[in-house]
Amino acid sequence: MTDEYRYHDPDSIYTDPATGVLRNKLGITDQATLSSIEALETAARIAELDRHPIRVSASSTLLDIHGFIFANLYHWAGKVRRVEISKQGKQFLVTAAFPAGFAYIDTLIAEYRQADDAAPAIARCLAEILDSVNYLHPFREGNGRAQREFIRALALERGYRLNLNPATERTVYERYTRGTVEGDVAALAALITSIIERP
């Protein structure tokens with residue numbers, strides 16, 4: 001499975017037109033170097049969130065989570081994208097529809113908070129939220145990392161532990177990726193049901 005992301009950014013809002021590398025706070029102009037530093041930096045920030053998660057108040061908390069993870073790398077950390085994105089030929093939500101998209105996710109969060117406490121019901125609600133957040137895809141970069149932490153934090157508030165990218169089980173991440181790319185809520189619910197657990 002390839003990423004095949006496409007960005008409509010004719011004004012080079014996010015990338016240096018000379019190098020194609022994302023503009024960053026560190027002044028890095030080499031993609032391999034930026035990728036390595038970004039991986040290390042975000043892993044450390046996500047580990048910090050594992051110890052001290054951000055409590056989800058609404059869909060806008062997704063911005064806070066992204067801002068925390070990427071604060072040291074990008075000026076636009078925690079800010080919604082201003083360009084259109086597609087992946088494998090599928091368009092993510094257009095930027096003009098972001099207010100409606102965030103509002104819809106708020107309704108899903110409200111339903112989740114009223115759902116039965118059994119794992120299958122929780123998993124189904126989380127899968128619907130995950131699918132909608134992925135379709136929203138509100139950031140130029142780092143959507144997956146932010147959405148996984150967002151869903152993990154939501155699971156925690158109902159007393160569940162959830163890790164959609166465990167270091168020791170690659171198939172979990174592969175199923176997560178496939179489910180989000182295909183918009184397959186049933187597959188995501190099945191995945192979450194199989195790995196969600198009480199601490």
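The values are calculated or read from the model by the stated rules, or taken from the named source; none is laboratory data. As the structure is a computational prediction, the values presented were derived from the model and not from experiment. Note that each Cβ is placed from the backbone with ideal geometry, even for glycine, and that neighbours are counted across all protein chains shown.
Before moving on, here are some points about what is shown:
- Residues being touching a Phe, Trp or Tyr at 6+ places or on another chain (Cβ under 6 Å) and either of a type outside the set (A, V, I, L, M, F, W, C) or within 14 Å of Ala155 (Cβ to Cβ) (or both) - total across the stretch 46-63: 1
- Enumeration of residues in the stretch 156-183 that are hydrophobic (A, V, I, L, M, F, W, C) and without any contact (Cβ under 8 Å) to a residue 60 or more places away in the chain: Leu162, Leu164, Ala167, Val172
- Residue in the stretch 6-14 that is modelled with pLDDT under 95 and β-branched (Val, Ile, Thr) present: yes
- Residue match in the stretch 89-107 (condition: of a type in the set (Lys, Arg) and touching a helix residue (DSSP H, G or I) at 6+ places or on another chain (Cβ under 7 Å)): no
- Ala186 touching a residue at least 60 places away in the same chain (Cβ under 8 Å), among the hydrophobic types (A, V, I, L, M, F, W, C), on the phi < 0 side of the Ramachandran plot and assigned to a helix (DSSP H, G or I): no
- Residue within the stretch 21-30 that is touching a Ser or Thr at 6+ places or on another chain (Cβ under 6 Å) and hydroxyl-bearing (Ser, Thr, Tyr) present: yes
- Filtered by the rule that a residue be free of Cβ contacts under 8 Å to residues at least 12 places away in the same chain and over 23 Å from the mean Cα position of the chain (by Cα), the stretch 21-43 gives Gly27, Ile28, Asp30.
- Arg148 vs. criteria under 30 Å from Ala96 (Cβ atoms), charged (D, E, K, R) and part of a loop (DSSP other than H, G, I, E, B): no
- Counting only residues that are touching a helix residue (DSSP H, G or I) at 6+ places or on another chain (Cβ under 6 Å) and not in a helix (DSSP H, G or I), the stretch 111-145 holds 4 of them.
- Options Thr33, Thr19: the member that is of a type in the set (S, T, N, Q), assigned to a helix (DSSP H, G or I) and out of contact with any His (no Cβ under 8 Å at 6 or more places or on another chain): Thr33
- Residue in the stretch 69-121 that is surrounded by the fewest Cβ atoms within 10 Å (Cβ to Cβ), counting only those that are at positive phi and at pLDDT below 95: Gly89
- So Thr171, is it in a helix (DSSP H, G or I), surrounded by fewer than 20 Cβ atoms within 10 Å (Cβ to Cβ) and either of a type in the set (Val, Ile, Thr) or on the phi < 0 side of the Ramachandran plot (or both): yes
- Test: Asp64 is among the acidic types (Asp, Glu) and within 23 Å of Leu164 (Cα to Cα): yes
- Count of residues meeting criterion [free of Cβ contacts under 8 Å to residues at least 40 places away in the same chain and assigned to a helix (DSSP H, G or I)] in the stretch 51-64: 2
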